[in-house]
1. Using mean Cβ contacts within 10 Å as the protection proxy, how do 150-161, 130-141, 64-75 order, highest first?
2. Could you tell me the calculated FRET efficiency between His168 and Met1, based on Cβ-Cβ distance and R0 = 41 angstrom, to the nearest 0.05?
3. Carbon and sulfur: what percent of the stretch 27-72's accessible surface (1.4 Å probe)?
4. Charges on Cβ only, +1 for Lys and Arg, -1 for Asp and Glu, centred on the Cα centroid of the chain; of Leu57, Ile41, His168, which one is farthest towards the dipole's positive end?
5. Based on the Cβ-Cβ distance of Asn71 and Arg98, what FRET efficiency does E = 1/(1 + (r/R0)^6) give at R0 = 22 Å, to the nearest 0.05?
6. Skip the ligands, DNA and RNA, and give the accessible area per residue of the chain with a 1.4 Å probe, whole Å².
7. Across 10 Å bins from the origin, how do the percents of Cα pairs in the chain run, short distances first?
8. Which whole-number percent gives the relative contact order of the chain, counting Cα pairs below 8 Å spaced six or more residues apart?
Amino acid sequence: MTHLANLLKVSSHGHFTKEQAKELRVLAQKSVGASDSALSIQITHTIAQIELLDSQLEQVEAEMTDIMKFNDSVIMTIPGIGYINEGMILGEIGDIHRFSNPNKLLAFAGLDPSVYQSGNFQAKRTRMSKRGSRVLRYALVNAAHNVVKNNATFKAYYDAKMAEGRTHYNTLGHCAGKLVRVIWKIMTDNVEFNLH
């Protein structure tokens, strides 16, 4: 109680008194909260699991970064692509020569449009098909977001798509599609990124 009263007094710059701290404690005891010790143990274990997963994720990302630093891929010449995205993209693509053209890589990433047709009807609006590699699609959309922030050509493309009335995520999907074509070209020809 003393700790709570002192905390409230300091945080409120003297506006909350010890009496108000007592009232808050009574209200907290009567509120939705539960004083179940089993629940408390469960919450403590869940927090420990989250902390463990966070530390394992940090280790994996650090190892990925070290591996990608020595990989020396032309993908790293694209402004805004970091080591983690590079690792995910290269890991999912594998040998670029498996894809004879950028459309095949686009389809593999699930970023190609799915077109609805029925009889003579063909939809004017399309969405990405979302078939193929979810990991690659995630990495490409994430990378596209960063590339838009770091490259004038991609920023202009993003702005043009937004001006057409598209949503942010729809536009990012288009930017990711453009990025796939760039990645296919620079990896196939082994040349550095040169769009300004």
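1. Numbers: 150-161: 15.9, 130-141: 18.3, 64-75: 14.2.
Most protected by this proxy first, the peptides run 130-141, 150-161, 64-75.
2. Values: r = 49 Å, r/R0 = 1.20.
My answer for the efficiency is 0.25.
3. On the way: 2490 of 4210 Å².
Whole-percent figure for carbon plus sulfur exposure: 59.
4. Going by the charge dipole, the pick is His168.
5. Working: r = 18 Å, r/R0 = 0.83.
After rounding to 0.05, the efficiency reads 0.75.
6. Numbers: 13390 Å² over 196 residues.
Using a 1.4 Å probe on heavy atoms only, each residue of the chain averages 68 Å².
7. The distribution over the chain is 8, 23, 22, 13, 13, 14, 6, 1, given as percents.
8. Details: 181 pairs, mean separation 39.5, N = 196.
Once divided by the residue count of the chain, the mean separation gives 20 percent.
The values are calculated or read from the model by the stated rules, or taken from the named source; none is laboratory data. Model, not experiment: these values are computed from the prediction. Cβ: placed from backbone, ideal geometry, glycine included. Neighbour counts: every protein chain shown. Just so you know, the surface numbers come from the protein's heavy atoms only, side chains and all, with ligands and any DNA or RNA stripped out. Shrake-Rupley method; radii C 1.70, N 1.55, O 1.52, S 1.80 Å.
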